[in-house]
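Some notes on the structure that comes next.
The values are calculated or read from the model by the stated rules, or taken from the named source; none is laboratory data. Source: prediction; values computed, not measured. Cβ placement follows ideal geometry from the backbone for every residue including glycine, while neighbour counts extend to all protein chains displayed. The accessibility values were calculated without ligands, DNA or RNA, using every heavy atom of the protein model including side chains. Shrake-Rupley method; radii C 1.70, N 1.55, O 1.52, S 1.80 Å.
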Amino acid sequence: MKIIVEGLDIKDAIATVGRIATTRNVNPILEGIKLTAKDGVLTLSATDLEIYVQKKIRADVKQEGEIIVPGRLFSDYLRKLDASQVSIASDGESVVITHGDNVCKFQCLPVEEFPDIIQLDAKPHFSIKSEDFRDLIAKTTICASTDDSRPVLRGVLCEIAKDTLTAVALDGFRLARIEKTISSHLGETKVIIPARSLDEVKKLCGEENGEVNIIIQNKFFQVNVAGTTFASRLIEGEFINYRQIIPSSFVSDVVVERSAFENAVERAGLLVRSDKVNLVTLKIADKFVTVTSNNEIGKINERVPSNLSGKDLSISFNAKYLFDALRNIQAGFIKLSLTGDHSPAIITSAKDGDFLFLILPVRMS
């Protein structure tokens, strides 16, 4: 194989593919990146057997072929190069990278050991605006579990009914639900997509507008964005009946300006961020929400103007869970709906909104 590529193109491709190839794997071949040169195109492929990613870039192909390069070494070296052209040549045993007067040579990995890259050829199951998909991912994946003991909670439940995509994630302490309108779909469906995979898709989407087409087939989902094909295994199993968790009636509703409340929670959280519980307390009374944190180091009180409908309450939360929700909300004003001092709190937009966050309180001894 022998090719010449633009430095910016190969660096952009490595930034996309390298994240999958450089993860820790028991099988060394999964740390490799496959380079395939054919018909004026260089295709870079990587997989960890859960996620499959493939990026195509233009290339001056002098000699067609395919090789497997060590992912971390190849990625780290190319990231240090400037934007000028890069020549890549290989005899199958080793690869030589030439950049101006500089030359790098290292051994290749065996091509025959690299797994096939999954590619789905079915018609897209549904389409959604890129900005809506990014918002959906940002609001849900923060609430997905990182515990391997319940695999279904490491994913985001995606339900399609009529023209609406409802996404839900929960980890036993908090829950996120968001609804987005989709432009087309092939029928009702329910799948669980790994949160990690969705975070990677969000990076692929960047800030581009337009639509994202989602293919669901054979226990996989796939998206094609800007010359990149991304596929991931779906999570099998039965998701928790989240509808039973969300309260339907409340004793108090309090409306606050989101940015002021977010800043107050962030500042109060500074004092307790190294504590195990990371506790902040909200005292809701009169025309203010007072955010308090204290430990052996000191005490912080933050007061935010509010509009209360219902009874006064004092309730405590993990500051991180509260802040994670607030920083992913764009609404100017939010509403906290409460059923009691020891019951879940619901955060929504003060006006019409498409999202809902639920956070369990911390019981004070």
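Bridgeable aspartates and glutamates around LYS311 (alpha carbons under 12 Å apart, same-chain partners fewer than 8 residues away excluded): ASP253, ASP286, ASP341.
Listed by chain and number, the aspartates and glutamates placed with their C-alpha closer than 19 angstrom to that of LYS203 are ASP9, ASP12, ASP48, GLU50, GLU131, ASP132, ASP135, GLU211, ASP324; residues fewer than eight positions away on the same chain are left out.
Once the chain from GLU211 to ASP275 is taken as fully extended at 0.36 nm per residue, the excess over their C-alpha distance is 18.7 nm. Using the alpha carbons alone, the radius of gyration of region 157-269 stands to its Kirkwood radius in an Rg to Rh ratio of 1.02. Please identify which residues in region 125-141 have an amide N closer than 18 Å to a label point set 7 Å out from the Cα of ASP163, following the Cα→Cβ vector. What the label zone holds, given the 18 Å backbone N cut-off, is 125-133. Once both labels are positioned 7 Å from their Cα atoms along Cα-to-Cβ, the gap between GLU131 and GLU179 label points is 2.1 nm. Taken along the Cα-to-beta-carbon direction at a fixed 7 Å, the label points for ASP12 and ASP76 span 2.6 nm. For the pair LYS311 and ARG19, a Förster radius of 56 Å applied to the C-beta separation gives a FRET efficiency near 0.70, rounded to the nearest 0.05.
Calculate I(q)/I(0) for region 84-191 by the Debye formula, one identical point scatterer on each C-alpha and no solvent, and give its log10 at q = 0.16, 0.20 Å⁻¹ to two decimals. Relative scattering, expressed as log10 I(q)/I(0), comes to -0.79, -1.00. Computed on region 22-116, the Cα convex hull volume stands at 103 Å³ per residue.
Restricting the trypsin sites (Lys or Arg not before Pro) of region 48-101 to loop positions (DSSP other than H, G, I, E, B) with no more than 12 neighbouring Cβ atoms within 10 Å leaves LYS80. Between ALA122 and SER248, the contour length at 0.36 nm per residue exceeds the alpha carbon distance by 41.4 nm. The value of relative contact order for region 96-194, using C-alpha pairs under 8 Å at least six residues apart, is 26 percent. Here the dipole of the chain is about 960 debye; that uses its Cα centre as origin and unit charges on the Cβ of Lys and Arg (positive) and Asp and Glu (negative).
Computed with a 1.4 Å probe over protein heavy atoms only, the accessible area of TYR77 comes to about 60 Å². Debye sum, Cα scatterers, region 194-344, no solvent: what log₁₀ I/I(0) at q = 0.11, 0.16, 0.17, 0.19 1/Å? Here the Debye-derived log intensity ratios amount to -0.63, -0.96, -1.00, -1.09.
Hey, which of these cross-link pairs are over 30 Å Cα-Cα: LYS38/LYS180; LYS162/LYS287; LYS80/LYS202; LYS55/LYS351; LYS34/LYS180? Violating the 30 Å limit, Cα to Cα: LYS38/LYS180; LYS162/LYS287; LYS55/LYS351; LYS34/LYS180. A Cβ-based charge dipole, computed about the Cα centre of region 232-291 with Lys and Arg at +1 and Asp and Glu at -1, lands at about 140 debye.
Over all distinct Cα-Cα pairs of region 174-238, the Kirkwood formula returns a hydrodynamic radius of 13.3 Å. Full extension of the chain between THR98 and GLN63 yields a length gain of 11.0 nm, computed as 0.36 nm times the residue separation minus the alpha carbon distance.
Along the axis of the charge dipole computed for the chain (Cβ charges of +1 for Lys and Arg, -1 for Asp and Glu, origin at the Cα centre), the listed residues ALA350, ALA325, ALA144 are led at the positive end by ALA350. Taken about its Cα centre, region 1-160 carries a charge dipole of about 320 debye when Lys and Arg each add +1 at the Cβ and Asp and Glu each add -1 at the Cβ. Averaging 1/r over each pair of different alpha-carbon atoms in region 209-259 and inverting the result gives 15.6 Å, the Kirkwood hydrodynamic radius. With no solvent and one equal point scatterer placed on each C-alpha of the chain, evaluate the Debye formula and give log10 I(q)/I(0) for q = 0.06, 0.07, 0.14, 0.15 Å⁻¹, two decimals. Per q value, in the given order, log10 I(q)/I(0) is -0.30, -0.41, -1.10, -1.18.
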